[in-house]
């Protein structure tokens with residue numbers, strides 16, 4: 001190592017030892033003090049060839065060892081190697097989607113990320129590099145002790161795949177996500193958390209500082225994480241410079257057809273970058289963004305960044321839609337969507353919600369996907385109702401439906417074999433992953449809201465966010481917050497629903513109607529034998545109610561043709577209960593219903609909740625349920 005290199009490393013290490021991330025730009029400093037530990041920093045320069053879809057990149061990475069162990073190697077993600085062939089785990093998972101989009105696997109559609117040069121503190125370690133699909137490991141020239149930092153420099157080449165899911169190109173549109181060599185997360189035990197990249201589950205990274213320069217052909221515009229510092233043009237190329245503090249990822253979208261709608265709310269500039277012809281739907285997206293932004297700032301906590309952008313992807317890039325990143329998300333909007341069909345709004349609400357529930361928390365989306373997807377799906381349903389009322393998903397009168405209704409009409413039989421708290425790559429398929437991580441947890445939280453109230457549930461979410469923002473919380477952290485708020489009343493239910501395959505079921509099992517029998521026998525009180533005449537004018541109804549894996553009281557209601565009702569409940573510990581009611585012979589049981597107010601949403605089969613002598617409507621799929629079932633299927637495709 002020459003003297004200049006030694007001096008640079010010395011300055012670099014001295015700065016980092018005193019707690020200053022060396023990639024912080026003094027003239028663009030955003031947060032003082034920092035919001036996060038800033039254990040990493042990335043300075044990246046990238047040049048995109050929009051014809052070959054290749055990014056030529058150079059990056060410097062700052063890393064601080066915050067573990068309790070000295071480390072001798074490091075691991076980085078090379079995410080886009082997931083698209084390098086038709087034999088990767090990702091390729092097998094997304095094959096149905098690829099076939100539906102008619103995107104073949106060939107030399108023009110594959111993607112990859114290659115490390116061309118690699119140094120640690122100016123010492124080449126490229127010869128130690130070992131690549132296993134989407135994970136690369138390399139040795140350090142010397143052990144990195146706890147509290148010490150290092151500088152990694154990488155030259156890389158990334159080829160964007162034809163867009164099928166999340167990242168890639170479609171026409172001239174380029175969604176540049178998971179595109180650069182990125183460090184895994186070092187645990188306190190000195191082991192790296194750097195899993196293979198697949199279709200189920202998403203990401204887990206440390207907070208840091210990103211200083212990124214993008215070079216694109218003239219006429220193309222870059223929308224990205226962070227705040228744009230500079231835009232210049234030279235030699236028929238446009239240069240964009242972005243800077244962001246206290247975020248854990250950086251993405252960009254590059255296109256030559258973007259239109260923009262902007263609005264400043266408080267200290268934040270909200271932007272919808274939309275496709276031509278989407279003027280009307282972009283207004284809806286902006287309204288949803290502003291409403292959601294204000295809701296979170298009022299009820300959960302302040303959004304600290306000065307910008308947020310919704311990228312309204314063109315139809316050809318639909319595989320990139322509905323994704324969340326720091327300060328950026330992708331929408332799902334077609335200009336043919338009528339105003340009463342609020343998929344564009346729901347997508348904006350959901351993806352902005354991820355700014356809080358994962359974005360500023362950075363929980364592990366691979367090992368505990370439920371912790372952001374389940375919570376955020378619940379929050380989406382809550383906010384959609386607050387913003388748009390009961391018919392918030394579909395406002396067409398005959399098809400009135402809410403965001404929550406979509407989940408209540410799903411088939412949850414797969415959850416007998418899958419649970420929320422398991423690694424994303426262990427689910428049977430994407431449907432099972434979505435049902436367990438999104439829907440099951442959402443319905444659990446909505447059920448508990450129905451018991452303890454929306455105000456208390458919102459307070460729980462606020463406390464969870466405020467206590468653990470920028471700290472990598474785990475499911476245990478969330479459950480401790482929840483149980484402390486509710487005095488452990490639901491601890492058993494939460495544990496069962498999150499950590500087991502259990503999915504409760506409550507049902508009206510059996511209804512019988514018999515004439516009351518006469519009595520013939522010895523009566524001890526009277527010390528005599530007695531007979532009563534047959535009570536031909538009365539009948540006895542026996543209703544058997546059951547519940548399984550549901551440690552909650554469940555109400556029931558019996559309605560008779562004389563207008564009378566019998567109300568009661570199965571207790572917390574009851575698995576079954578037989579209710580008997582005597583009535584005149586001319587009285588009919590009109591309906592027996594368990595959970596008549598539909599507050600217990602964690603119910604495997606709601607069609608068995610009702611018995612009726614006037615036709616069991618819950619056993620028939622009406623037009624609304626059919627519509628929602630079709631929409632549910634479409635969400636699992638994407």
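Some notes on this structure:
- When region 338-364 is filtered for residues that are in contact with a helix residue (DSSP H, G or I) (Cβ under 6 Å, 6 or more places away or on another chain), assigned to a loop (DSSP other than H, G, I, E, B) and either within 19 Å of residue 166 (Cα to Cα) or free of Cβ contacts under 8 Å to residues at least 60 places away in the same chain (or both), only 354 remains.
- Enumerated helices (runs of 4 or more DSSP H) restricted to region 428-515, each holding at least 3 residues that are over 19 Å from the mean Cα position of the chain (by Cα), touching a residue at least 24 places away in the same chain (Cβ under 8 Å) and under 18 Å from residue 595 (Cβ atoms): 441-452
- Of the listed requirements (1) assigned to a strand (DSSP E or B); (2) surrounded by fewer than 15 Cβ atoms within 10 Å (Cβ to Cβ), residue 271 misses just one: (2).
- Identity of the residue in region 118-159, part of a loop (DSSP other than H, G, I, E, B) and touching a helix residue (DSSP H, G or I) at 6+ places or on another chain (Cβ under 7 Å), that ends up surrounded by the most Cβ atoms within 10 Å (Cβ to Cβ): 134
- Screening region 296-318 for residues that are touching a helix residue (DSSP H, G or I) at 6+ places or on another chain (Cβ under 7 Å) and either modelled with pLDDT under 95 or more than 30 Å from residue 456 (Cβ to Cβ) (or both) and picking the one that is surrounded by the fewest Cβ atoms within 10 Å (Cβ to Cβ) gives 312.
- Residue, nearest to residue 408 (Cα to Cα), within region 557-615, restricted to residues that are outside any loop (DSSP other than H, G, I, E, B) and not assigned by TED's automatic domain parsing to the domain that holds residue 544: 606
- Here residue 333 qualifies as assigned to a loop (DSSP other than H, G, I, E, B) and either crowded, with 22+ Cβ neighbours inside 10 Å or outside the structural domain of residue 170 (by TED's automatic domain parsing) (or both).
- Residue check: residue 387 meets all listed conditions (1) surrounded by fewer than 24 Cβ atoms within 10 Å (Cβ to Cβ); (2) closer than 18 Å to residue 249 by Cα; (3) in contact (Cβ under 8 Å) with a residue 60 or more places away in the chain but one, namely (2).
- Residue in region 98-117 that is more than 29 Å from residue 200 (Cβ to Cβ), in a strand (DSSP E or B) and either at pLDDT 95 or above or touching a helix residue (DSSP H, G or I) at 6+ places or on another chain (Cβ under 8 Å) (or both) present: yes
- Per the conditions (1) closer than 24 Å to residue 318 by Cα; (2) in contact with a helix residue (DSSP H, G or I) (Cβ under 9 Å, 6 or more places away or on another chain), the sole criterion not satisfied by residue 176 is (2).
- Residue in region 220-227 that is more than 24 Å from residue 183 (Cα to Cα) and assigned to a loop (DSSP other than H, G, I, E, B) present: yes
- Test: residue in region 242-257 that is without any contact (Cβ under 8 Å) to a residue 60 or more places away in the chain, in the same structural domain as residue 50 (by TED's automatic domain parsing) and closer than 25 Å to residue 57 by Cβ: yes
- Every condition in (1) at pLDDT 95 or above; (2) out of contact with any helix residue (DSSP H, G or I) (no Cβ under 8 Å at 6 or more places or on another chain); (3) closer than 22 Å to residue 165 by Cα is met by residue 283 except one, and the failing one is (3).
- Only one entry in 98, 114 is over 25 Å from residue 246 (Cα atoms) and out of contact with any strand residue (DSSP E or B) (no Cβ under 6 Å at 6 or more places or on another chain), namely 98.
- For region 40-52, a residue qualifies if it is within 16 Å of residue 161 (Cβ to Cβ) and surrounded by fewer than 20 Cβ atoms within 10 Å (Cβ to Cβ), and the qualifying residues are 49, 50, 51, 52.
- Count of region 62-89 residues which are out of contact with any strand residue (DSSP E or B) (no Cβ under 8 Å at 6 or more places or on another chain) and surrounded by 24 or more Cβ atoms within 10 Å (Cβ to Cβ): 1
The values are calculated or read from the model by the stated rules, or taken from the named source; none is laboratory data. Not measured: the values here are computed from a predicted model. Please note: Cβ atoms are built from the backbone with ideal geometry, for glycine as well, and neighbour counts cover all protein chains shown.
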